[in-house]
Amino acid sequence: DSPVPGCVPEREVVTQALLVLKWGGVLTQGGRAQAEALGTQFRHEMYPGDSAGFLRLHSTYRHDLKIYASDEGRVQTTAAAFAKGFLDLEGPLTPILYSLVRTGSDATRMLDDSSDAADDLRRIKSQLHAALGEDREMGPALLDAVCPARPPSQVQSLRMLGSPLQALRRLWVLMKRFLDELKAKSLMPGCESLRLYQGESLMLVMERWRKLTRDFYKPKKDRFDLSKVPDVYDCAKFDLLHNHDSLHAATLRELYLTAKRLADVVIPQEYGITVEDKLRVGAYIAKHLVRKLRSDLLASAFGQNMADSEVQEVVISLDSSHAKHLSIKSPGRNVRSRLYFTSESHVHSVMNLLRFWRTEEGETFVDEDARAWLARVAELDFLTQIVIRLYERPHLPTADENRFFVEVFFSPGAVLEPSRVPRNTVRRVRTGSAGSEEELAPGAGHSVPTNTTNTASATVPATASATAATATKTGAAQPIPSPALLAATPPRATGIPSVRSRSEHAAPSLHALPPAELRSLTVGLSLAKMQRLLDSLVGFCESLYVRSETPAFSEIASVRGTSVAPMVRCFSD
């Protein structure tokens, strides 16, 4: 009814609506082949003895295996492909995914929830915008504002960029030039029949680049959106790997190199500019995963079902009374594996905690040489891995602190630059569909670039998989059930983790390209020391949560006997 007598009420009429639907993307056939190959490689390299022995352990309920994945479809697909190679399975991935990969609220809380860090992430992005949005050349002031710890990888990228603002302007010009090249190609005869990688049309490629170009820079505000730098980099890498020979775009290679140098600075710094910020953001994002890893290690060593574990697990094992009937000579031999597949944000967070956390007594997860090497790693690529292995020296007394020891390994994943990939390494392989073929290039582990409905927005989303697996080792230290984390991140893949899959149904492995080797980050890390480190880190994570929820945190801390401030002791590269 009209509030004024005699007046006809005005009706609001919708004249325009914008609907944005986000789709996480689909892992390409090349990415599946890479993940499966890595699973096979992991089985051969991380477990002692021949492959058949390990598979027999699994088939006779002596392999306690749990696989967790975040809610992203491409992450779950990566987990299933890895499991297929890891366990030498056959057939499609869907049954493997539903029977072996755990998802749900517990996995999402551990591997997909970063909401607690939202305020800090917004603050950090605002600081990056301010620092990189000024027209100033490389120098101490810029380094202090962007990367005060001076990691060599970021210093080198900034040095090659010169003025970050001028680099952003140069990137925008290159994007417009590339878009003009695509438009010119669309006017050529026969362009309608051109089909690019994964069946993408030239018009769809143009739409995703047009949307990126429009969102990257707002001329009226004279402002660049740094959050689009990873999207530009992903799309440039995707097209350079998969569509370069079809597009024949002269600008694409320079566009990729410029975007990469910016991404090498922006992406790692989004999770903290200072060491303190990196620890804080890492603790907010990875706190549930850290607690789970701590309980995994203690359960492996002492057979405990930890009450404070993030996830209560049911273990099905062999009934030793049936061992004789099954011709099992070592019923007591068991292996424990935990695999975690997650996103880039969680992998960056875990790595920051491993690199920079330090107890009051000065104990650290990684040694100085490893920390210096990590500072030179520019990018966490597709199938980035963090592996934790637990060993036992059974000849030592049970109470001896050195009876159990831990090794932590890391690989930045598939890191070969697409601009250096020889064109003859591109092969066509059958993908399983009748008569269908797909072009595989080294580092083909991308998600397909995706469009948001009605806006033609396109991104190459970060497919990530973090995995963990137990590893055992022969020699003086005998294997015990041992959890390990193998984390694989977004599909910014540019090289295949090399191994030739033995599965007849897997896509053929690509030419032998150099893999990113696993590198040890620790020297002489006893389980007792690892537990002290994890206990103090979990305490730090919980203290942040209590502080954010309870104003009177200092009173609670004093009652509990917790000393919070000294926990935030850290070091820079």
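The lone criterion from (1) open to solvent by 60 Å² or more (accessible area, probe 1.4 Å); (2) modelled with pLDDT under 95; (3) within 30 Å of residue 271 (Cβ to Cβ) left unmet by residue 195 is number (3). Give me the residue from region 141-171 that is buried (at least 18 other Cβ atoms within 10 Å of the Cβ) and over 18 Å from residue 273 (Cα atoms) and, out of that set, modelled with the lowest pLDDT. The selected residue is 161.
A quick yes/no check of all residues on (1) part of a helix (DSSP H, G or I); (2) open to solvent by less than 10 Å² (accessible area, probe 1.4 Å); (3) on the phi > 0 side of the Ramachandran plot:
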position: 178; (1), (2), (3): yes, yes, no
position: 182; (1), (2), (3): yes, yes, no
position: 185; (1), (2), (3): yes, no, no
position: 188; (1), (2), (3): no, no, no
position: 203; (1), (2), (3): yes, no, no
position: 208; (1), (2), (3): yes, yes, no
position: 212; (1), (2), (3): yes, yes, no
position: 215; (1), (2), (3): yes, no, no
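Residues that are under 26 Å from residue 345 (Cβ atoms) and either surrounded by 17 or more Cβ atoms within 10 Å (Cβ to Cβ) or modelled with pLDDT of 90 or more (or both): does region 44-55 have at least one? Yes, some residue in region 44-55 is under 26 Å from residue 345 (Cβ atoms) and either surrounded by 17 or more Cβ atoms within 10 Å (Cβ to Cβ) or modelled with pLDDT of 90 or more (or both). Determine if region 257-268 includes at least one residue that is open to solvent by 10 Å² or more (accessible area, probe 1.4 Å), farther than 19 Å from residue 207 by Cα and in contact with a strand residue (DSSP E or B) (Cβ under 9 Å, 6 or more places away or on another chain). No, because not a single residue in region 257-268 is open to solvent by 10 Å² or more (accessible area, probe 1.4 Å), farther than 19 Å from residue 207 by Cα and in contact with a strand residue (DSSP E or B) (Cβ under 9 Å, 6 or more places away or on another chain).
Among the residues making up region 217-248, a single one is over 21 Å from the mean Cα position of the chain (by Cα), aliphatic (A, V, I, L, M) and either closer than 12 Å to residue 168 by Cα or surrounded by fewer than 22 Cβ atoms within 10 Å (Cβ to Cβ) (or both): 247. Would you confirm whether or not region 262-270 contains a residue that is assigned to a helix (DSSP H, G or I) and over 21 Å from residue 145 (Cβ atoms)? No, region 262-270 contains no residue that is assigned to a helix (DSSP H, G or I) and over 21 Å from residue 145 (Cβ atoms). Would you say residue 277 is modelled with pLDDT of 95 or more and either surrounded by fewer than 23 Cβ atoms within 10 Å (Cβ to Cβ) or part of a loop (DSSP other than H, G, I, E, B) (or both)? Yes. What number goes with the only condition from (1) within 22 Å of residue 288 (Cβ to Cβ); (2) in contact with a Ser or Thr (Cβ under 9 Å, 6 or more places away or on another chain) that residue 104 does not pass? Every condition holds for residue 104 apart from (2). Checking each residue in region 77-134 for being touching a His at 6+ places or on another chain (Cβ under 8 Å) and on the phi > 0 side of the Ramachandran plot picks out only 91.
Right, residue 194: farther than 28 Å from residue 380 by Cβ and either out of contact with any Gly (no Cβ under 7 Å at 6 or more places or on another chain) or of a type outside the set (D, E, K, R) (or both) or not?
Yes.
One residue stands out in region 93-116 among those that are closer than 30 Å to residue 146 by Cβ and within 17 Å of the chain's Cα centre (by Cα): the one that is surrounded by the most Cβ atoms within 10 Å (Cβ to Cβ), namely 111. When 65, 89, 21 are checked against the criterion of being open to solvent by 10 Å² or more (accessible area, probe 1.4 Å) and at pLDDT 90 or above, 89 stands alone in meeting it. Whenever a residue of region 98-126 is part of a helix (DSSP H, G or I), its partners that are among the small types (Gly, Ala, Ser) and open to solvent by 40 Å² or more (accessible area, probe 1.4 Å), lying with C-beta atoms within less than 7 angstrom and at least six residues away or across chains, give the pairs 125/227.
Out of the residues in region 302-343 that are of a type in the set (A, V, I, L, M) and crowded, with 22+ Cβ neighbours inside 10 Å, state the one that is modelled with the lowest pLDDT.
Selected residue: 335.
Residues that are part of a loop (DSSP other than H, G, I, E, B) and either within 29 Å of residue 261 (Cβ to Cβ) or open to solvent by less than 30 Å² (accessible area, probe 1.4 Å) (or both) within region 363-406 comprise 365, 366, 375, 376, 377, 378, 379, 380, 381, 383, 384, listed in sequence order. Restricting attention to region 191-201, the residues being outside any helix (DSSP H, G or I) and closer than 23 Å to residue 177 by Cβ number 4.
Inspect region 383-395 for any residue being on the phi > 0 side of the Ramachandran plot, in contact (Cβ under 8 Å) with a residue 40 or more places away in the chain and not aromatic (Phe, Trp, Tyr) and give the result as yes or no. Among the residues of region 383-395, at least one is on the phi > 0 side of the Ramachandran plot, in contact (Cβ under 8 Å) with a residue 40 or more places away in the chain and not aromatic (Phe, Trp, Tyr), which makes the answer yes.
The values are calculated or read from the model by the stated rules, or taken from the named source; none is laboratory data. Quantities reported herein were computed from a predicted structural model and do not represent experimental measurements. With ideal geometry, Cβ positions are generated from the backbone for all residues, glycine too; neighbour counts draw on all protein chains shown. To get the accessible areas, we keep the full protein, side chains included, count just its heavy atoms, and leave off ligands, DNA and RNA. Shrake-Rupley method; radii C 1.70, N 1.55, O 1.52, S 1.80 Å.
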